[in-house]
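Here is the structure we will look at, set down as structure tokens.
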Amino acid sequence: MAAADLNKLQQLLQNAEDNEMVLAQVRKNMEKLTSLISETNALLDPSYTPERKERKPRAASTGTGGRRGRPRKEAAAE
């Protein structure tokens, strides 16, 4: 009888540890979900205006000034 009670106690402790890990994951995911919901609410707000990103000018090419990518095939001399 004592062995069965001990086994049940060990099983309860293991389940409690597993539940603690699951609860920690749920809390972490709820924090992420809460932040995503607040971002979505900010985007759906009628007064929201997106910020324009400023593009950096392209750097001046150095060297021969050739095009990027694979070179064109040259016609074979006959």
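The values are calculated or read from the model by the stated rules, or taken from the named source; none is laboratory data. This structure is a prediction, so every number in the text was calculated from the model and none was measured. Positions of Cβ are backbone-derived with ideal geometry, glycine not excepted, and every protein chain shown enters the neighbour counts. For the accessible areas, the whole protein counts, side chains as well, though only heavy atoms, and no ligand, DNA or RNA atoms are used. Shrake-Rupley method; radii C 1.70, N 1.55, O 1.52, S 1.80 Å.
Projecting label points 7 angstrom from Cα along Cα→Cβ for residue 72 and residue 22 puts them 6.6 nm apart. At a probe radius of 1.4 angstrom, the accessible area of the chain per residue rounds to 113 square angstrom. Using the Karplus relation 6.51 cos²θ - 1.76 cosθ + 1.60 with θ = phi - 60°, the per-residue 3J(HN,Hα) values for region 9-14 come to 5, 4, 5, 4, 5, 5 Hz, with x marking Gly and Pro. Oblate is the label for the chain. Its Cα gyration tensor axes, ordered a ≥ b ≥ c, give a/c of at least 1.5 and b/c at or above a/b. Sequentially through region 42-47, phi angles give Karplus couplings (6.51, -1.76, 1.60; θ = phi - 60°) of 5, 5, 7, 5, x, 8 Hz, Gly and Pro residues having no value and appearing as x. If exposed means no more than 12 neighbouring beta carbons inside 10 Å and the site is in a DSSP loop, what's the longest run of the chain without any exposed trypsin sites (Lys or Arg not before Pro)? In short, 1-51.
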